[in-house]
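Working notes, beginning with the structure itself.
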Amino acid sequence: MSCSCSQPSEDGIHVFDARGIAKRFRHAAIFGALDALDPGETMRFANDHDPLPLLMQIEQHFGGRVRATYRQRVPGAVVIDFLVS
């Protein structure tokens, strides 16, 4: 999955590929990207591992405003859709 973060994909989903971001910057970049989304927009997040601690942090920070749905959940290739309401 490649990242074209400036433009939504064909189906209106914004792709965020965390695998290309230095680990020390990932959480800040992810939170910034989620903050930039308008209600009804989705960020498709790709990662090299299942980000369970991150999901808890997102829930604490955004509450019910961001819903996470796994699209793929295999070792080395995790894809999650984050829908902002």
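Rule-based calculations on the coordinates, nothing more; no lab input. The structure presented is a predicted model; accordingly, all values stated were derived computationally and were not measured.
Would you mind calculating the gained length between V74 and R24 on full extension (0.36 nm times residue separation, minus the Cα-Cα distance), in nm to one decimal?
Answer, rounded to one decimal: 15.7 nm.
log10 I(q)/I(0), Debye, Cα-only the chain, no solvent, q = 0.11, 0.19 Å⁻¹?
Debye output, listed in q order: -0.25, -0.81.
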